[in-house]
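The values are calculated or read from the model by the stated rules, or taken from the named source; none is laboratory data. This one's a predicted model, so the numbers in the text were calculated from it and none came from an experiment. When we count neighbours, we look across all protein chains shown, and the Cβ atoms used for this are built from the backbone with ideal geometry, even at glycine. All accessible areas refer to the heavy atoms of the entire protein, side chains included, with ligands and DNA or RNA removed. Shrake-Rupley method; radii C 1.70, N 1.55, O 1.52, S 1.80 Å.
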Amino acid sequence: MDPYEILGITPSSTDEEIKIAYRKRAFEVTGGHMGEELPPDIAAKVDELNAAYDNIIDSRRGNNAYSYSSTGSYGNYSQFYIDLRQKLRAGNYDEVEGMLQSIPENERSGEWYYIYAQVTYKKGRFTESAEYAKRACDIDSTNPEYSDFYRKIQADAAGGYRQTQISSSDECCKLCAFLSCLDCCCESTGNDCIPCC
Amino acid sequence: MYGKVRINVPEIKVREYDEYKGIYCSLCKILGKRYGVLARALLTYDLTYLALFLLGLNGSCVFRSGRCPFNFTKKCHYLDRKSPELEFCADVTVILAYHKLLDNIHDSGFWKRILYTLIRPYFALKYKKAKKLRPDICNDVSEYIIAQQNLESQKCSDLDEISKPTAELLGKLAAYGEFNTEIKLNRYRIGFCLGRWIYLKDAIDDIDEDIKSENYNPFVLKYKISDLSEKEKYLEEMNAQLNITAGAFIDALDEVTFLQFENIINFVNL
């Protein structure tokens, strides 16, 4: 059966619409069941839903595989670090950490510290991650990728995430932006929507 | 009501605040229905947030009005659908509260210890009921308690390590009942970050008391704080640790889609 049909959407639906459709269908089928196991007939329907959802999401991600841009990747990274980055993207955090630990301390480059900072951040060891991110910047201060990550951690440390909360809830921003655009369009045709603007 | 996870009320709509209150009134009601009137006192902001999170994921929430059984002048809103999410939160509330009670019996002074010991048998019965309904959650909570106690007895000063049991427990609670692998991981991460934040916030707030009573405190050990004046020196760095966790939590929220209450869930007071 067509995965889009199972979720009740079309191929032109956005990613967000797909996720919303999945949640709605999952709730319809399970009734919000809170347990690790389901009755067999419902479990079968949920498996079908999951297969459809994963199929669509993976195929869309597959189309975007080459749009990943490592902005500011300087120099020639050896194949080892390229592999590590791929494994990191795939979510194999334990494997990445193990591979990094196998490099002796005197051979650890800025890239080593950056990827270690990334994997510890993914694993929730934020204190350790911040230290390693700083080390990466100390070793290679010209790499924008390293400094972007460290700057993000420092911004969060200073409370910058509160701004993210406000801009995620940007209904007022959208309204002001819309009115401001409307006013400009009106003025360009000789009229005026908002006289004081 | 206890709990660290509060909503930044000025930033949400009035309707949304009513919805939030509706959720905790509904949780209070279900606690009373499932575990008796005294269990209503166990209601916390933290578990209310978990309820908000789980209900927001599933949506289909409508509210009907009613009255508060303890204050007839107060109008309440109650969730008007069957809610396994609230039942789950009620069970978790009782399980966590009972363990906290045992902790309090162990740590308190003479008179408080007598009081807690007197109410223990009543809550032990409620815990027994919750354990029958959620044996897996009880296991997780027991494991978390043991891990926490071990780390504290070893005088662990590594913030990542000491906050891990709470983080992992809340990760499991947030991911509970999810049947899609990828979404489960994303929900786990949200719970993990929040659990870590709750633990570190508790630890920072308790520094003064822990110095006086010489109780375990990871920040006191890590920064070797011997008195309150020294605490001021390290306050910025300690809050930085808390804030980095909060930042990761806000980022993690983006990875999951909510059908309702997204704005309220977003505006946690971190």
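Taking all protein chains in place and a 1.4 Å probe, what share, in percent, of the accessible surface of region A:79-158 do carbon and sulfur account for?
47 percent
Keeping all protein chains in the complex and leaving out DNA, RNA and ligands, what accessible area do you get for residue A:34 with a 1.4 Å probe, in Å² to the nearest 10?
Its heavy atoms expose roughly 20 Å² to the probe.
So what's Rg/Rh here for region A:79-158, counting alpha carbon atoms and using the Kirkwood radius for Rh?
My calculation of the ratio gives 0.94.
At 1.4 Å probe size, with every protein chain present, just tell me what the per residue accessible area of chain B comes to in Å².
48 Å²
With every protein chain present, what accessible area does residue B:192 have (1.4 Å probe, heavy atoms only), rounded to the nearest 10 Å²?
Rounded to the nearest 10, that gives 20 Å².
Sorting B:245, A:189 by accessible area (1.4 Å probe), largest first, what list results? The partial results should precede the final answer.
Details: B:245 0, A:189 100 Å².
Order by accessible area, largest first: A:189, B:245.
Rank these residues by their accessible area, most exposed first, probe 1.4 Å: B:14, B:5, B:37.
Reading off the accessible areas and sorting them downward yields B:14, B:37, B:5.
Compute the Kirkwood hydrodynamic radius of chain B, taking the inverse of the mean of 1/r over all pairs of distinct Cα atoms, and give it in Å to one decimal.
For chain B, inverting the mean 1/r across all distinct Cα pairs yields 19.7 Å.
Let me know the shape class of region B:185-270, please: from the alpha-carbon gyration tensor, a ≥ b ≥ c as square roots of the eigenvalues, rounded when a/c is under 1.5, otherwise prolate if a/b is greater than b/c, or oblate.
Prolate shape, in that a/c is at least 1.5 and a/b is the bigger ratio.
Sequence-distant or interchain residues sharing an amide H contact under 5 Å with residue B:76, placed H: which?
HN-HN under 5 Å from residue B:76: B:66, B:67, B:68.
At a probe of 1.4 Å, how much accessible area disappears from chains A and B on forming the pair, both sides counted, to the nearest 100 Å²? Could you put the intermediate results ahead of the total?
Numbers: alone 13410 and 14740 Å², together 24390 Å².
When A and B are taken together, about 3800 Å² of accessible area is lost.
Given H placed on each backbone N at 1.01 Å, which residues far from residue B:268 in sequence or on other chains put an amide H within less than 5 Å of it?
When sequence neighbours closer than 5 places are left aside, the close amide H contacts are B:8.
Which helices count as membrane-span-like in chain B under these terms: full DSSP H, at least 18 Å along the axis by C-alpha, Kyte-Doolittle mean of -0.5 or more?
Span-like helices here: B:45-58, B:84-107, B:110-133, B:135-153, B:159-175, B:181-205, B:228-253.
Expressed as a whole percent, how much of the Cα-Cα distance distribution for region B:125-270 exceeds 18 Å?
Within region B:125-270, distances greater than 18 Å cover 63 percent of Cα pairs.
Would you please give the FRET efficiency between residue A:51 and residue A:101, computed as 1/(1 + (r/R0)^6) with r the Cβ-Cβ distance and R0 = 41 Å, to the nearest 0.05?
Efficiency computed from Cβ-Cβ geometry: 0.65.
Direction-averaged shadow area of the convex hull around the Cα atoms of the protein assembly as shown, nm²?
30.0 nm²
Going from the alpha-carbon gyration tensor of chain A, what semi-axes, largest first and in whole Å, does one get by taking the root of 5 times each eigenvalue?
37, 33, 17
What's the local net charge at residue B:62, with K and R +1, D and E -1, over the other residues with C-beta under 9 Å away?
+1
For region B:168-243, which GluC sites (Glu not before Pro) pass both filters: DSSP loop (anything but H, G, I, E, B) and at most 14 other C-beta atoms within 10 Å?
On the way: sites: B:168, B:178, B:182, B:209, B:214, B:230, B:232, B:236, B:237; in loops: B:178, B:214.
Answer by residue number: B:214.
Amide H to amide H under 5 Å from residue B:63: which residues, 5+ apart in sequence or cross-chain, H placed 1.01 Å off N in plane?
B:80
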